[in-house]
Amino acid sequence: MSERTDRAMITQANLKTLCSNALSYGAINAAPISARKVIVDPRVRLKCAIPVCDGYGRCLMCPPNIISVQEFTVALERFNDAIVIQFEIKVDKEKMEGKIGSMELGALRLDTDYEAMLSSSMKRMSKALINLERDALHLGYRFTTALSAGNCRLCDECVGQGKGKQCRHPFEARPAAEALGIDVFATAALAGMPIEFPAKRPVWTSILLVD
Ligand code: SF4
């Protein structure tokens, strides 16, 4: 067997291990995908600004506070593999009764129960992603980078942009895949885990770039 075939087999085995670790950390789906199939589309970043998302310019992990889609695309080209990972957003049916699907999005975003639901699931996802990034580093993938979903909710309120403002959790906070221009819907579909819209079982979809 050639050295190249050996390497490919080891990579497949390691990606499988990382997917199974993701499930053990609370993910509901995880699948490897070639980094060539991670779809970047500048229209995704456009949707951060128009209509403006509540994290835009306010969250340190959201545009325009993060690297540009162009800069990200150049780095993405150097990766060989990725893993698409989904985490359930657990909906408290009692608290959310008559809200999701009925309230106008702007009002829903101000709802404390809605925000608490997003925040608790996002924190669980963030912890799992950091664990996975560490696992991949231990397997020798030194450039591995975890990309989250949605705006960062590790703090109740982000420190925001401005001179001297520093992230409170610099090693845990990650930009969302979509904030870097990744078409998460198209990429998840290519990984065999299409995102329902509107969703009966809402999920966060994150991406681990492995190399
Ligand atoms: S960890 Fe806190 S300060 Fe850092 S980006 Fe997230 S919300 Fe902002």
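The values are calculated or read from the model by the stated rules, or taken from the named source; none is laboratory data. None of the values given here were measured: they were computed from a predicted structure. A quick note on method: Cβ atoms are made from the backbone with ideal geometry, for glycine too, and the neighbour counts reach across all protein chains shown. The accessibility values were calculated without ligands, DNA or RNA, using every heavy atom of the protein model including side chains. Shrake-Rupley method; radii C 1.70, N 1.55, O 1.52, S 1.80 Å.
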Which of Phe185, Phe72, Phe197 moves the most in a Gaussian network model of the chain with Cα springs under 10 Å?
Phe197
Need one word for segment 1-45: rounded, prolate or oblate. Basis is the Cα gyration tensor (sqrt eigenvalues a ≥ b ≥ c); a/c below 1.5 gives rounded, then a/b vs b/c decides.
oblate
Output for segment 72-115: trypsin sites (Lys or Arg not before Pro) sitting in coil per DSSP, at most 12 other Cβ within 10 Å, listed by number, reads Arg78, Lys90
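Any of Lys37/Lys93; Lys123/Lys165; Lys37/Lys200; Lys127/Lys200; Lys37/Lys99; Lys47/Lys200 with alpha carbons more than 29 Å apart? Name them for me.
Values: Lys37/Lys93 36 Å; Lys123/Lys165 22 Å; Lys37/Lys200 26 Å; Lys127/Lys200 25 Å; Lys37/Lys99 36 Å; Lys47/Lys200 23 Å.
Table pairs above 29 Å Cα-Cα are Lys37/Lys93; Lys37/Lys99.
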For Arg4 and Gln166 in the same chain, what is the full-extension length gain: residue separation times 0.36 nm, less their Cα-Cα distance, in nm?
53.9 nm
Under a 1.4 Å probe, counting only protein heavy atoms, Val74 has an accessible area in Å², nearest 10, of 100 Å²
Cα-based shape type of segment 10-104, given that a ≥ b ≥ c are square roots of the gyration tensor eigenvalues and the cut on a/c is 1.5:
oblate
Would you please give the FRET efficiency between Glu157 and Ile28, computed as 1/(1 + (r/R0)^6) with r the Cβ-Cβ distance and R0 = 22 Å, to the nearest 0.05?
0.15
Please compute the per residue accessible area over segment 3-210 with all protein chains in place, 1.4 Å probe, rounded to a whole number of Å².
57 Å²
Given a 10 angstrom Cα cut-off, can you work out which residue in Ile195, Ile130, Ile28 is the most mobile in a GNM of the chain?
Ile28
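Using the crude model of +1 on Lys and Arg Cβ and -1 on Asp and Glu Cβ, and no other charge, please compute the dipole size for the chain relative to its Cα centre, in debye to 20. Don't skip to the answer; put the middle values down first.
On the way: 27 positive and 24 negative charges, 51 e Å.
For this selection, approximately 240 debye.
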Considering only protein heavy atoms and a 1.4 Å probe, what is the carbon-and-sulfur percentage of the accessible area of the chain?
56 percent
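For the chain, what does the helix formula give at 222 nm: sum of -39500 (n - 2.57) over DSSP H segments with n ≥ 4, over the residue count, nearest 500 deg cm²/dmol?
On the way: 7 runs with 81 residues, N = 211.
Taken over the chain, the calculation gives -12000 deg cm²/dmol.
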So if we plug the beta-carbon distance of Ala75 and Lys37 into 1/(1 + (r/R0)^6) with R0 = 22 Å, what FRET efficiency do we get, rounded to 0.05?
0.85
